[in-house]
Structures are given as structure tokens and as C-alpha cells.
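The values are calculated or read from the model by the stated rules, or taken from the named source; none is laboratory data. What you see is a predicted model; the values in this text were computed from it and never measured. With ideal geometry, Cβ positions are generated from the backbone for all residues, glycine too; neighbour counts draw on all protein chains shown.
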Amino acid sequence: MPKDQGIGASTKRREDVRFLTGKGRYTDDINLRGQTHCVFVRSQVAHGRINAIDTSAAEAMPGVIKVFTAADFAGKGGVPCGWQIHDKQGNPMLEPKHPILAEGKVRYVGDAIAAVVAETLEQAKDAAEAVVLDIDELPAVVDMKAAVQGGALVHDELSSNLCYDWGFIEDNKGAVDEAIKSAHHVTTLELVNNRLIPNAMEPRAAIGDYSMASDDYTLYTTSQNPHVIRLLMGAFVLGIPEHKLRVVAPDVGGGFGSKIFHYVEEAFVTHAAKVVGRPVKWTCSRSESFMTDAHGRDHVTKIELALDKDGHFLAIRTETYANMGAYLSTFASSVPTYLHGTLMAGNYKTPHIYVNVKAVFTNTVPVDAYRGAGRPEATFQLERVIDKAARELGIDPIELRRRNFVQPNEFPYQTPVAVAYDTGNYQATMDKLVEIADLSGFEARRAESAKKGLLRGLGVNCYIEACGIAPSNLVGQLGARAGLYESATVRVNATGGIVVMTGSHSHGQGHETTFPQVVAEMIGIPEGQVEIVHGDTANVPMGMGTYGSRSLAVGGSAIVRATNKIIAKAKKIAAHLMEASEGDIELKDGKFSVAGTDKSVDWGSVCLAAYVPHNYPLAELEPGLEETAFYDPSNFTYPAGAYACEVEVDPGTGKVTVCSFAAADDFGNVINPMIVEGQVHGGLAQGIGQAMLEAAAYDENGQLLSGSYMDYAMPRADDVPFYKVDHSCQTPCTHNPLGVKGCGEAGAIGSPPAVVNAVIDALQRGGYSHVTHIDMPVSPVRVWSAMQG
Amino acid sequence: MYEFDFEKPATVAEAVAALGREDAMALGGGQTLIPSMKQRLAAPSALVSLTGIAEMRGVCTGDDAALCVGGATTHAAVAAEAAGRYPALAALAGNIGDPAVRNRGTIGGSLANNDPAADYPAAVLGSGATIVTNNRSIAADDFFEGLFTTALEPGEIIVEVRFPIPERAAYAKFQQPASRFALTGVFVAKTANGVRVAVTGASESGVFRWGEAEAALSADFSADAIAGLSVPADGMVSDLHGTPAYRANLVKVMTQRAVSAA
């Protein structure tokens, strides 16, 4: 009998009432008294020297309050990077300034040069067109390898376009080289992890407000982590102490990583609000978001996998070029390094692994974390090269994987790439996959496709991810400039209702439903008695926000910890009310009772006593019932699973149709199965989108060719099949109180290799044996061209 | 969007007069023009909407048995109202864009714009239709003059399009994955006077007739009849979604599929 409340119940998402009826309150819905509007003048060339900016005509136009240029930000900092990487030799990465408005040079199409603040949006747009730019266009660097081989310097003050050349782990390199040299077989694959544009449904927006009366600032912004923005912008960019700066991230319509970062527009509106003495609002247009939101992925990799004669993995060596774009975005440097290199062991026992990453500046939009962030890149390389090796050695790809799995009795498992997996069962998820994907029926389905003249293929892969980001002491050693704990305050009201203030931020994940399920279960009260508050630095203790599938594993753990403090105090109060010993008090179904007696007092009476302490142990206990907790994880969590995709390829056109997709995931314990399945569905759509459709493309001059939905293909409902998803294989996380691992990114991480493996399988079975790899997206033209040889 | 005036005349004569103003533009469904204006890429002084002209809306039968479609008829209306008499045309109209586009966009707007990847030009050229304007009739073979260029004079309005009904016809469209316009679309019509094959989306010169295939199909209306033919890649569009060689392949494959479906 499924539960209808608490942990394990598929409670319907309470936030959907407002989202589905248009009652959400997004940043653009907020309009402040006296508000002005801001439009940015953006570079139309990828690289150029700014000789002069003439704002005089624009400033004389109707409604214009002020036109800003870099000169208006003299003495202010640049937008900082939150993670310092050290290269092979131990030198810190190159870290150029990222100014709020371009200083001296423009470095990508979309780089902000000037900004107009006017009474109305139309007036600001009109004036932005009247700003006269004198820019000498310079040669642009777009290709990463060209950029490090003597291409134009993106930053004149740097010695090179190579941000860092990172080796991981440098001590492993000798053994890896030796193992590859002497191996029975080495499979080599060169591949591209295609550049993506995030495309959250809600474009970014920001409103800056300054109060002369109290000398404080408020920023409303589309952010996944308002405290991080407050810290970065206050401390590093504008020099505003945190007690004078409030950051509010109200309803946010999707982030996928792209709203983690501190963007220049946020600093601009905050500073400009004080300069003009009125609130300044900016809302990104969709066209503008294509060329200013941090893009994702964009890796070019060579991977080598060494195997013995029985197919056991001996060593992995990779060399990756990772695009940083023109500036270092907030977490850009960590994505191709610690979020990527640490996952190169996958679900397998490979004794020797060495990862080399060259991070490169180019004249393109900054690149940073996007759903999965580094882990999809690792998974794609590994699961593609394993498939290729299986074909080369004549071993069934599922069997080859099983042969190399970390076995269920081998946990905890220390990988050669720093991380240690606490628990897992990869055989179990593979068994489940074989069942739900009906792999035994594949040949019959292939015959049916053949009758229609279509080539059917089957692709399987595994994945593992490091989630629940992150143990602060570990990431601190690795260069993170912030802690990655989470916070929660549980405030019990006098009549028993509860408000939980969490440092996690919900922008589609369903926290407002899931978190109350946890608290309600712990106390034994209805979920409806618990409310979640998030997204406002004025109301919530300092937290680190939502990304890296961390909200339940880290934020939820903080909530559990705070709720346990509440329960402990409530038991003391109950003991006093019942004149019993605290040690004899039991809490069940919202009722405190004295063990072995029929005495009890309900939740509401204890809460009332805490706030109306007429009969209360005031000598020993403070009144009130409110507790705060912080939780810092001791390890990452390691969700893992096995995915299968079947495709049909139309040999006449190269068109690929995804016929079926099955996902068997191990997320540990699950709080709300419906929400977990929804997260997997969304992730799969994004992963299939990457594999089949999405590609950010620049021409050789750095112009964005895929600058709108006319050329950038997002997955639509009819591009994806009905999924078969299963999360019944559960090895609970061993080190957080809920035993949860996180599910937000799995679908996007695990699905691209299954799609490509399936396409290659279809072509191989169809007689196109020369096709061993096609880069994503596996678009019709690419598949057809590959088939032609 | 810049400021502009808006007029919605009730007759063709009033529309022609309104379009006499400098930089005035005719507005059909606005599916291309309005987004261009929103991006400040177009700045007409006035928009003259044609959708209020009753005589330009709807589908009827002409004295010569042709299917007559008013210039301001939406794609959705063509899909519904032409289905009985000219199912291939109705199917084409019913697969343009999405429901919002089909209930706004008009046949006259699409033809006057002559987007090289639009569907209607293939149907009009493939059917050998006649474009009737406020002052003349133009044969389809004389109407399309290259990318976004037609035989229309400034201020000239497409009042009606007259489609002779073929014996058999079909449109086979291969969608560009992002826009879902035709990466290549082929309209094939078999008439008493032979077969016409019109291709959209593929050529740098816009919609065109594939003469070689027409001859082969006039002799033998089957997919196999053109199995040995090929289209040169020269002059085919090259972009993110297709190479010239790929589009040349699609011309043949989509022609075969249209013949099979007809």
C-alpha cells in the first residue's frame, strides 16, 4: 500500500498550483516604485579593440537617465572565479579580469560594452542604438587547438590562451603510460562533447535597488544560489558588506546550472541603482540569452583504454581541451577538472588512470557548468570507448561492462582518481535494465524495423556521478574558494505549524513538496503543516544553493539535523508537561508519550507551551522552538545506473528516431518517487537533446551561428519516446542521515552515450562497418555523411 | 519594435490605396514580419492588414474547376477546407509550423515572402497554380524569382491562388531539426499533361522544378523510375543542418517518397 504522506509518498507538487495557473512571482514580475529600465550595448564582433565610445547622442535622447561605460566602474572589481586550479607544475591558473563593462577590448559577440538606463524599456532600446562605437576588429580565436598554438591572445596581459594544463593524478602518469605500452589491446577514440546553450524557460533578469535612507542594497535576480551571489558580488566586485546587501531569488524558471553563476548584469544593476538613485531593471531577451548565458560542455578529447586479453581494463589515458570562453565564469575552472577527472573510473575497476585537461580561452561566450557539469563529459568518453573496445575485441558490450564492474562486495571502493565510492550495486542496476528494456526482445524488434527499411540499433551504457556537492575540507584542498555545506532553520510556530528556511533553492526541483515530506515524517504530522522558505538572504541562514544534485543530500540533511534538535527540545518540554523523565519520552505520530504508560501530550500542546511558557521549565530551558543546523557532508554521494536506448536509422536520410529509452537508477533512498521520476524524465530529454539535436556553433570569426531556435534545436515532445524508468535498486548512501544520493542530473549524464552507442550499433549491424563514431549531435546530415564513407 | 501605424481595410481597393504610403507593408499572418519587427530588423511606417478583406478569405471552386484559395486564408483553413478536393495541398498546409502558426499564417503572406524553405512555394509551383493579384494573373513558373524575391510589384497584393486539381499528388518534407521548416521538401503532381516536381528548401536559388525527374515520372510514375537519376550538389544550400551533397540526396529521396505517397 503506497503511502500518501511523508517519506516515500508521491505527493503532488504543491508549487505547481501557482506555476500552472500563472501565479508564480518571477523576477520580471517584480516592479518597484520609480523603476528604470536598462539595455546593454553588446559587442557585435568576437574580438576588437575599443578606441572610443560616444554616448553623447544617446544621453540626449528622450527618457535617458544615464549611459554607463567601464569608466563608471573604476575601482570596482571584476566578476570572480570561485575555484582556483593549479597546473601540472603547481602554478595557479591564469585568471584574467572579467570587468562589468568591457575595458579596452571586447572578447566575444555579446560582451557588454555600455548600458543605457532610461525611463522606459523602449527608450533604453532606442538610445542603445545611438551609442556610437569605434572598435577595431581583431582576429578571433574560436578553435581551441589553434588558440593554444599561436592564435590571437584573448587577454593581452596574459602570456597565452592556455588557462591551465592540468594533470590528474600526475603521480599516476608513469604507471598509465607503462600499462598502455604493454597492453594486449588499446582502443583509442577521439571525440567532441558538443557545446550547449542552456535555454532555461525563464530568461535571466535582475533588478537593483538602493535605499539612501538605510544605505543598503537589494538585488532581485534569477539565481540558483542567492547567498553565493551576495558573497561574490558584495565582497569581490562592489565592496558592499553583506549586512548591507540583500539578494532575493524569487521563483526561478529553470536553471540547469546556468543560473549558478554571478553575471555582470547583476553587479551592473546593483551599482547603477545607487548611481541613478532609482531601481534599475534588466530582463534578458531570448536572443540575448543565447549569446550571454554561460554555455555548457565543449570538450575535445582523445581517450585511450588499455585491456588485457580477457577484456579487463588496465589503464585509461585522456587528453582533453576544454573551452573556457572569453572569461572565467564562476565555476568554469572546476568543471573539466574536479567534476570530470574524478569520474573517469566510472563504474569500473581500472587500476591506472591519468587525465590531462588543457583549459583554453577563446573569443566565445564563457562556458561553465550545465546539468551534469563535467560528469556527462567523463561518462560519454568512457562509455563510448568501452563500446568501441567491445566491438574491437568481439565481446558483448554488456558483458564487457559486467566483467569490469566494481562488485557489490568491494565497497567502499577507492578509485585511482581521488574519490572513494561508499556504496553501489552495478550488477543489480544492469540486471534491472535488461529486464525493463526487454533486451531479449531486441532481435524481433530489429526484424520489424528492417521490414520498414529502417536500421535498428541498441545502445547500452552505465554511469556514475559524484553528487551531494560537497565535502568542504576536500574541495578546499582542491582549490574551491567556498565551503559547500548547507543550512536550515526550522521554526515551529506556537500552534504547531512549521516554517523551514533552507539554503537550497528550488527552481523546478519540487523542494516545497519534498522537504515537508521529510519533516512531517520525522515528527508525525501532516505535510501541510510544514512550509518551505528559500531564496532570500534576509530570511534564510547563509547557504550555498542548488546545483550538483545536492539539495536533498546536503540541504535535506541540514533540515534533518535541525529537526532533530527541535525534537530533542520538544521532548524536554513534553517531559516537563507530563512530569516524566526526558529519557522515557517517545515521539510517534505527532504525539509524545511516556514509555510504558498511557500518558501523552500532542505536538500542538508542546509547541504552545514553548511560546506560552506558563507551565515550562524556564530554569533549564529557553522558551521558543526554533533551531538552526548546518550540514557538511563527509563524502560525495555516488548515484549510478544503467541505461539502454533503441534507435531506428533511416538509411535514405540519416534520420535517427529514438524508439525507446530505459533507465535503471540507484539513487539510494527516495523521498518522493513521482518527483524523482520527473527529474529523470527531464534529464533524459536534455541528454537526448544533446545527443540528437543541440549544437552551439560559431563561425571562424566568432559569430554565433546557432543564435535562435531557428538553428538551435531543442528537444520537443515528439523527439523523445515514453521512458521506462526504475529506481528500485537502492543502496542507501552510507554517510548522510536520509541515505539519499540525488537524482537531478542523472538523466542528462547517463543518456548521451546510450543514444550514440545505439546509432553506431544500428549502422554496424546494417553493414556500415566503417562507421565507428559520430560526434554529437547525431543529426541526419552527420549520420548520412558518415554512412557515405 | 519601432512605432508604426496600423490599418485594417475591408476591401482590396482600400488596401492598395493604403499601401501607396511610403514604407507601408502588407501584413498577412505576420509570421515572419512581426518577429522581424520585434527584433528591430524591419521598420515599416504602416502595416496594412489584409485579413479583414472578406473576399480574400476562404476556399472555393472556380468556373474552371480549379481550387481557389483566398490570399488571406490561413493554413489551418486550407488544411480543413481543401481536404476533400485537394488532399495533398491540405496535408501540406496542415503540417506547416505549429497550430499557432497555422491559425495566423496565410497563403498569400507565405508566397509573397518566398522563404526558400517554406512549404507553399513547392505546392504552388508543383501544382502549376496561378497567382491572382489585384491587377493581373501570374503563372507559378513566372512568380518565384529566387530567395525572398517574387514577381510582385511594390504594393501588389495576392488576392487569390488558383490550383488546378491533379490526378495524384503528394508532398514529402524532410524537416530541419530546429526550425522544422523544410530542409528539403518535394511536391509531386501528376496531371493529364504530365508530371510536375517542385523542390523547396534545397537550392540557393529557392524553389525549383526538377525537369529530369518530371520527364522520367511522366513516362513511368513510380519511385523506381528516378532511381538512376541524381541532382548535382552545385548550387545547393550549405548550412549547419545540411551539406550540398546531403541536400542533393534529399531531393531524390524525398521525390521518391512523394511519388510513393501520391
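A single entry from B:V188, B:V231, B:V199 fulfils the requirement of being over 15 Å from B:R168 (Cβ atoms) and in a strand (DSSP E or B): B:V199. When each of A:K588, A:K565, A:K571 is tested for being touching a Phe, Trp or Tyr at 6+ places or on another chain (Cβ under 9 Å), farther than 20 Å from A:E677 by Cα and either surrounded by fewer than 19 Cβ atoms within 10 Å (Cβ to Cβ) or free of Cβ contacts under 8 Å to residues at least 40 places away in the same chain (or both), the lone residue that passes is A:K571.
Criterion applied to A:G689, A:G678, A:G682 was being within 12 Å of chain B (Cβ to nearest Cβ) and assigned to a helix (DSSP H, G or I), and the one residue passing it is A:G689. Residues of the range A:469-483 include none that is more than 29 Å from A:A748 (Cα to Cα), in contact with a Pro (Cβ under 8 Å, 6 or more places away or on another chain) and touching a residue at least 24 places away in the same chain (Cβ under 8 Å).
Looking across B:A192, B:A216, B:A172, one residue alone is more than 16 Å from A:T653 (Cα to Cα), of a type outside the set (S, T, N, Q) and surrounded by 16 or more Cβ atoms within 10 Å (Cβ to Cβ). It is B:A216.
A quick yes/no check of all residues on (1) at pLDDT 95 or above; (2) more than 22 Å from A:D251 (Cα to Cα); (3) part of a helix (DSSP H, G or I):
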position	(1), (2), (3)
A:E443	yes, yes, yes
A:R446	yes, yes, yes
A:V460	yes, yes, no
A:A482	no, yes, no
A:V490	yes, no, no
A:M501	yes, no, no
A:S504	yes, no, no
A:T514	yes, no, yes
A:E531	yes, no, no
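Of the listed requirements (1) over 21 Å from A:G78 (Cβ atoms); (2) touching a strand residue (DSSP E or B) at 6+ places or on another chain (Cβ under 7 Å); (3) without any contact (Cβ under 8 Å) to a residue 40 or more places away in the chain, A:P279 misses just one: (3). Does A:E579 fit the bill of being at positive phi, without any contact (Cβ under 8 Å) to a residue 60 or more places away in the chain and more than 18 Å from the chain's Cα centre (by Cα)? Answer is yes for this residue.
Checking each residue in the range B:91-111 for being among the aliphatic types (A, V, I, L, M) and within 15 Å of B:A122 (Cβ to Cβ) picks out B:A91, B:L92, B:A93, B:I96, B:I107, B:L111.
Those strands (runs of 3 or more DSSP E) of the range A:200-290 in which at least 2 residues are of a type in the set (G, A, S) and buried (at least 24 other Cβ atoms within 10 Å of the Cβ), considering only elements entirely within it, cover A:205-211. Taken as a whole, the range A:658-674 holds no residue that is in a strand (DSSP E or B), out of contact with any helix residue (DSSP H, G or I) (no Cβ under 7 Å at 6 or more places or on another chain), within 28 Å of A:G789 (Cα to Cα) and within 14 Å of chain B (Cβ to nearest Cβ).
The residues of the range A:764-780 that are surrounded by fewer than 23 Cβ atoms within 10 Å (Cβ to Cβ) and either at the interface with chain B (Cβ under 9 Å from one of its Cβ atoms) or in a helix (DSSP H, G or I) (or both), listed by number, are A:Q764, A:R765.
Looking for something without any contact (Cβ under 8 Å) to a residue 60 or more places away in the chain and either within 11 Å of another protein chain (Cβ to nearest Cβ) or surrounded by fewer than 23 Cβ atoms within 10 Å (Cβ to Cβ) (or both) - is there at least one such residue anywhere in the range A:724-737? Checking the range A:724-737: not a single residue is without any contact (Cβ under 8 Å) to a residue 60 or more places away in the chain and either within 11 Å of another protein chain (Cβ to nearest Cβ) or surrounded by fewer than 23 Cβ atoms within 10 Å (Cβ to Cβ) (or both). Flag: A:A130 matches the condition of being within 14 Å of another protein chain (Cβ to nearest Cβ) and among the hydrophobic types (A, V, I, L, M, F, W, C).
Could you say whether any residue in the range A:645-656 is assigned by TED's automatic domain parsing to the domain that holds A:I573, in a strand (DSSP E or B) and not acidic (D, E)? No, the range A:645-656 has no match at all.
Which members of the range A:174-186 meet the condition of being within 30 Å of A:A748 (Cα to Cα) and surrounded by fewer than 21 Cβ atoms within 10 Å (Cβ to Cβ)? Correct list: A:V186 only. In the range B:246-255 there is no residue matching the filter, namely being away from chain A (no Cβ under 14 Å) and of a type in the set (K, R).
Of note, B:D239 satisfies the criterion of being surrounded by fewer than 21 Cβ atoms within 10 Å (Cβ to Cβ), charged (D, E, K, R), within 14 Å of chain A (Cβ to nearest Cβ) and farther than 28 Å from B:D64 by Cα. Counting only residues that are more than 9 Å from every other protein chain (Cβ to nearest Cβ) and either of a type in the set (S, T, Y) or touching a helix residue (DSSP H, G or I) at 6+ places or on another chain (Cβ under 9 Å) (or both), the range A:695-716 holds 5 of them.
Among the residues that make up the range A:697-710, is at least one of them under 22 Å from the mean Cα position of the chain (by Cα) and surrounded by 18 or more Cβ atoms within 10 Å (Cβ to Cβ)? The answer is no; no qualifying residue exists. When B:E81 is tested against (1) over 27 Å from B:P9 (Cα atoms); (2) free of Cβ contacts under 8 Å to residues at least 24 places away in the same chain, just one condition goes unmet, and that condition is (1).
Of the residues A:A437, A:A420, A:A480, A:A428, which single one is among the small types (G, A, S) and surrounded by fewer than 16 Cβ atoms within 10 Å (Cβ to Cβ)? After applying the criteria, what remains is A:A420. Could we say that A:R195 is touching a residue at least 60 places away in the same chain (Cβ under 8 Å) and under 23 Å from the mean Cα position of the chain (by Cα) here? Taking the combined requirement at face value, the residue satisfies it.
Of the residues making up the range B:1-54, those that are exposed (fewer than 14 other Cβ atoms within 10 Å of the Cβ), at negative phi and more than 14 Å from chain A (Cβ to nearest Cβ) are B:D5, B:F6, B:A10, B:T11, B:A13, B:G20, B:E22, B:S45, B:A54.
Of the strands (runs of 3 or more DSSP E) lying entirely inside the range A:33-149, those carrying at least 3 residues that are out of contact with any Asp or Glu (no Cβ under 9 Å at 6 or more places or on another chain) and buried (at least 18 other Cβ atoms within 10 Å of the Cβ) are A:112-118.
Whenever a residue of the range A:745-762 is in the same structural domain as A:Y723 (by TED's automatic domain parsing) and at pLDDT 95 or above, its partners that are among the charged types (D, E, K, R) and not in a helix (DSSP H, G or I), lying with C-beta atoms within less than 7 angstrom and at least six residues away or across chains, give the pairs A:E745/A:R371; A:E745/A:E465; A:A746/A:E465; A:A746/A:D665; A:A748/A:R371; A:I749/A:E465; A:A758/A:E646; A:A762/A:R456. Can you pull out every residue in the range B:143-180 that is in contact with a strand residue (DSSP E or B) (Cβ under 7 Å, 6 or more places away or on another chain) and either within 30 Å of A:D719 (Cβ to Cβ) or modelled with pLDDT under 95 (or both)? Residues satisfying the conditions are B:A169, B:A170, B:Y171, B:A172, B:K173, B:F174, B:Q175, B:Q176.
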